[in-house]
Each structure stands twice: as structure tokens, then as C-alpha cells.
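First comes the structure, then the notes that go with it.
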Amino acid sequence: MAQMEVELRETLVYHSPPELGAVYTDFLAMRKVIQDEQEQTRAEQDKIEKQQKWKRRQLIDSLQDKALYIAAILFVVVYMMVFAYVLVLDRQTRWGF
């Protein structure tokens, strides 16, 4: 890559027509602008990816919380049903009805 840069600089400086002026300087300025734009775009993409990861994590956490609530409610309901069944069995064995 460094070799290609040297060749490009030599071509732009020594083999370009004089009416083009400082072509290599213009090239370096444009290259800097492009690099800055690419860095800005990369930073924006990273920010978007972080936001998407955060939203995905929030969704997963929310679903896990809901699943935990449902499991707890089911446990309580099943426990109460078993307790009621045990009470019915106790009543039948003690009182016969």
C-alpha cells in the first residue's frame, strides 16, 4: 500500500500536466475529507448498532420478566388447587362426604 502511495504521488507530482496545478495537494485534501466522512459514518453505524443491541436486550429482559411472572402465578394457582384437593380428601376421610 505504501509503495502504491509513493507511485501515485510521483505520478501526480511529476507526470501530470502543469495546468492542473497542485493535484497531489488536492488529492490529499479530498482523501482527508473522505476519511473523515467514513469515520463519521462508522461512528453513526456503531451508535445505531449499540441502540439496537440495547433495545434487543430490553426486549429479552421484558420477556424474561413476563415469563417469571407467569410461572409464579401458575405455581400459586397449582398450589391452591392441590391444597383444595387435599382439603376435599381430608373432608371425605374424616366426615365421609
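A short reminder: the numbers here are calculations on the coordinates, not readings from a lab. Note that the coordinates shown come from a computational prediction; the quantities given were computed from them, not determined experimentally. Using ideal geometry, Cβ is built from the backbone for each residue, glycine included, and neighbour counts are taken over all protein chains shown.
List of remarks:
- The chain: angle of helix 2-14 to the longest principal axis, Cα-based, in degrees nearest 10: 40
- Radius 14 Å from Cβ of L8, net charge of other residues (Lys, Arg +1; Asp, Glu -1): -2
- Length gained when the stretch A67-L20 is fully extended (0.36 nm per residue, less Cα-Cα span): 10.0 nm
- D (Stokes-Einstein, µm²/s), Kirkwood Cα radius, the chain, 1.002 mPa s at 20 °C: 102
- Reachable lysines, given that their alpha-carbon falls under 26 Å from the alpha-carbon of K47 and they are not under 8 places away in the same chain: K32, K55
- For the chain, a simple Cβ point-charge model (Lys and Arg +1, Asp and Glu -1, everything else neutral) yields a dipole of about 1160 debye relative to the Cα centre.
- The calculated P(r) of region 44-97, using every Cα pair and 5 Å bins from 0, goes 4, 17, 10, 12, 8, 8, 9, 6, 7, 5, 4, 4, 3, 2, 1, 0 in percent.
- Nitroxide proxy distance, nm - points 7 Å out along Cα→Cβ at R57 and R94: 5.5
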